[in-house]
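Only one structure is covered here, and it is reproduced in the block below.
Only the coordinates and a few stated rules stand behind these numbers; no lab work does. In this text, all values refer to a predicted model and were calculated from it rather than measured experimentally. FYI the Cβ positions are ideal-geometry reconstructions off the backbone, even for glycines, and counts take in every protein chain you see.
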Amino acid sequence: MARAPYLKFASLVRFGAMARKVVGPFSPGLNVVFGPNEAGKSTLAAFVGGVLFGWEDARGRRNTYKPEDGERAGSLLFAPRQATAEDEVSLTELSRKRNSDGLQGDAALVADIDKETFRTIFSLNSDELRSLRSTPDITAKLLTAGSGTGSSPAVALRQVNDQLAEYTSRSTGCPHSLVRLAEERAQLRAQVQKAGEEAERLCGQERQLRELQPQRDGLAERLAKLNRQTDTLTAAVAALARVEQEQEAIAQEKAQLEAERSAAARAYQEKEALVGSTLAHLSAPAERQLRETVARLQSRRQRLAQSTDLARDHYSASKAAYDALREAQGLGASAGDEPAGRSRAERQKLLRAALPVALLAIILVCGVALLMRGYAVHAFSFMALGVALVAFALIMTVAAFILIMRPGPQVDIAVKLEDARWVMVQDQKKLESCRADERANEEEAVLQLEEAGLEEAGGSLSGALALLDEARQVRAEMTLDLQTRKAAMARISDLRQREQQLAQEAAEHRRRAEVALDMPLEEMRDELARRTANREGLQETANSLNAQYGQLKEVLAQGRRAHDFDQLKLQLQEVETRIKDSNREFARLLLARRMLEGAITRWESKSQPEVYRMAGRFLALMTDGRWVSVSPTPEGELQVTNSLMETCNVLQLSLGTCQQLYLAMRIALLIVADNVGASVPVLADDILVNFDAKRRAGAARALAELARHRQVIVMTCHQEVADALIAADPTATQLNL
């Protein structure tokens with residue numbers, strides 16, 4: 001123990017809320033880690049155990065200290081105890097990342113302790129102090145610690161007793177039970193004897209079974225053939241019934257479609273006769289062209305009517321003006337006076353027109369001469385002057401003509417009458433021409449309507465449009481009739497094809513049923529009834545033969561053990577071999593139980609009294625002499641004795657006294673078991689929180705004594721606990737988190 005390495009530093013790479021934190025250095029004796037709540041004391045204790053024995057898996061709602069951003073990782077650095085401050089220390093590192101990777105480094109440092117021993121003995125807190133209540137628990141832990149192994153002799157003894165119970169049990173779940181093996185051997189012997197007796201009897205039944213097999217096979221073949229024929233005929237009858245049903249439905253549908261087609265054809269012909277062949281088959285472009293022609297005729301008729309009305313108005317106005325002029329002048333002259341008057345008026349007009357014409361000629365000649373002169377000499381002024389003279393001459397000439405042509409009071413009345421008469425005659429001619437155009441347009445409209453098949457309109461354009469609208473509606477109805485007739489004809493064609501298919505299917509079904517192609521359905525049903533009766537007769541015969549065959553086969557199956565005679569003998573030999581092996585194993589387990597019981601008895605007589613004696617001394621130290629000794633009861637329970645030599649059960653103690661008792665038991669166990677966990681530190685997390693000041697001081701002295709044998713790391717958030725530990729061991733190392 002004095003030469004074993006001790007924990008020097010704890011490097012937390014990622015663990016809980018800590019990252020890249022190094023705690024230390026620790027001393028090989030007593031170490032006090034002080035810090036407030038949430039400083040990381042419990043995290044440090046969990047980290048040391050996790051590195052040595054694996055990270056804790058998530059169970060329930062316990063804190064496993066797994067960071068959210070990665071895996072837990074860290075290492076522990078161990079230093080040799082003999083090193084001095086002047087020596088160059090070589091540290092041994094134990095590290096862990098994932099549990100599957102295992103412990104990295106020199107695992108020999110923890111080869112002398114297992115995880116359960118560390119958790120119950122080396123890792124202490126206020127709750128764990130009450131976990132060891134009975135002597136068997138303590139004995140098991142002491143034996144494990146004293147032997148330096150990972151398995152308790154007490155546990156091994158229980159396992160040996162369980163195995164011995166299996167060898168003497170009658171349960172079917174115990175394959176090595178000597179009682180069960182003996183029973184199985186007796187059963188096999190009886191079966192071997194019985195199998196030999198039944199062998200001869202079964203030989204005769206087997207010969208009879210072989211004779212029945214050919215008859216059974218032949219009958220089964222005939223029945224299978226008849227079943228196939230009957231099933232085929234049944235399917236054919238059902239299929240033909242469906243075919244005939246469908247044929248009847250097709251015939252009814254064809255008759256209905258023929259009636260629909262005939263009705264549609266009659267309706268088509270009636271509508272065609274109603275509007276005429278031309279309008280009934282008029283195409284859409286022809287209809288549009290015809291409507292455009294009617295619209296053009298209507299537009300032209302309206303224009304001609306307007307022109308005729310306008311000409312009539314003009315003629316009426318001019319005739320009224322002429323009659324009014326004659327009545328106003330009171331003229332009753334003969335027709336010869338009018339030509340003389342017209343002659344004089346013409347001469348006067350010629351005289352008045354001569355002067356403007358002469359003046360226009362002179363001015364034009366001068367203007368043109370100046371314009372040509374200016375163009376010849378390239379003089380813009382001459383050209384402008386020529387243009388001005390020409391323009392002035394024209395203006396003056398127009399003015400002169402206006403003055404000359406304006407009638408004066410001296411104009412002869414005959415001229416006025418002639419003009420009025422001439423206007424009246426022209427208006428009359430215009431009216432007659434418009435009326436002639438109207439008659440021509442009417443004749444042309446009647447002709448075009450007759451050519452288009454609209455003679456019923458009688459030349460009426462509105463009647464023609466009405467006929468076109470009626471013809472359009474009739475054509476739509478004729479189209480529906482035509483579609484109905486085509487759909488009926490297409491459906492009739494499909495039905496005829498389906499009839500042909502049904503006829504082919506019927507022929508195919510009769511061919512498969514191996515009957516005549518022209519056999520009626522009723523005769524096929526009679527044939528099916530006959531075959532069904534034959535099948536039932538064969539089935540009864542087959543059932544009788546199969547029943548006889550099954551009885552013989554069942555007898556042979558029951559007597560199969562006679563044919564398994566050699567196998568039964570091999571099983572018997574195997575069971576006898578297993579009995580021998582079980583007897584040897586049973587003897588070995590009896591010897592192991594005796595050896596384990598002797599080891600436990602020797603340990604209880606040697607080491608256990610020392611643990612109880614030392615535990616009593618530590619309890620007296622903690623309780624200031626009130627409780628002086630600890631001992632086991634005959635039932636294996638703990639009991640304590642006070643200074644007045646009064647003994648009481650642990651259950652009668654207070655919580656603080658119980659924790660002090662179990663702390664004393666653990667300290668004594670850790671001192672006695674000096675060959676267990678030599679390099680593993682004892683971790684105590686606030687175990688003195690429920691102790692008063694005096695008992696805290698006594699517990700601190702007990703921990704200081706333990707620190708002389710092992711490395712002890714006490715973690716606390718109470719200053720008085722830290723002060724008590726330092727007072728108990730002034731050489732203790734204090735670390736603040």
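Here are some notes:
- Relative packing of peptides 244-256, 659-671, 42-54 - highest average C-beta neighbours within 10 Å first: 659-671, 42-54, 244-256
- Backbone N atoms of region 487-512 closer than 18 Å to the 7 Å Cα→Cβ label point of D518 belong to residues 503-504, 506-511.
- Summed residue charge, Cβ within 12 Å of N534's Cβ, Lys/Arg positive, Asp/Glu negative: +2
- Euclidean distance between Cα centres, region 462-502 to region 302-327, Å: 59 Å
- Theoretical FRET efficiency, 1/(1+(r/R0)^6), r = Cβ-Cβ of E477 and A503, R0 41 Å, to 0.05: 0.60
- Global form of region 608-733, assessed from the alpha-carbon gyration tensor, a/c cut-off 1.5: oblate
- Charge sum, other residues only, whose C-beta stays under 14 Å from K429's C-beta, Lys/Arg counted +1 and Asp/Glu -1: +2
- The length gained by stretching the chain between A379 and R158 to full extension, at 0.36 nm per residue less their Cα-Cα distance, is 64.4 nm.
- FRET efficiency, R301 to L274 (Cβ-Cβ, R0 35 Å, nearest 0.05): 0.80
- Proximal charge balance of T43 [Cβ under 13 Å; K/R count +1, D/E count -1]: +2
- Placing a pseudo-label 7 Å from each Cα along the Cα-to-Cβ vector at E418 and E574 gives an inter-label distance of 16.0 nm.
- Two-site label geometry, S544 and N227: point separation in nm, points 7 Å out along Cα→Cβ: 2.0 nm
- Cα centroids of region 95-121 and region 680-732: 26 Å apart.
- Fully extended contour minus Cα-Cα distance, from Q215 to A592, at 0.36 nm per residue: 128.9 nm
- Between A436 and A182, the contour length at 0.36 nm per residue exceeds the Cα-Cα span by 76.9 nm.
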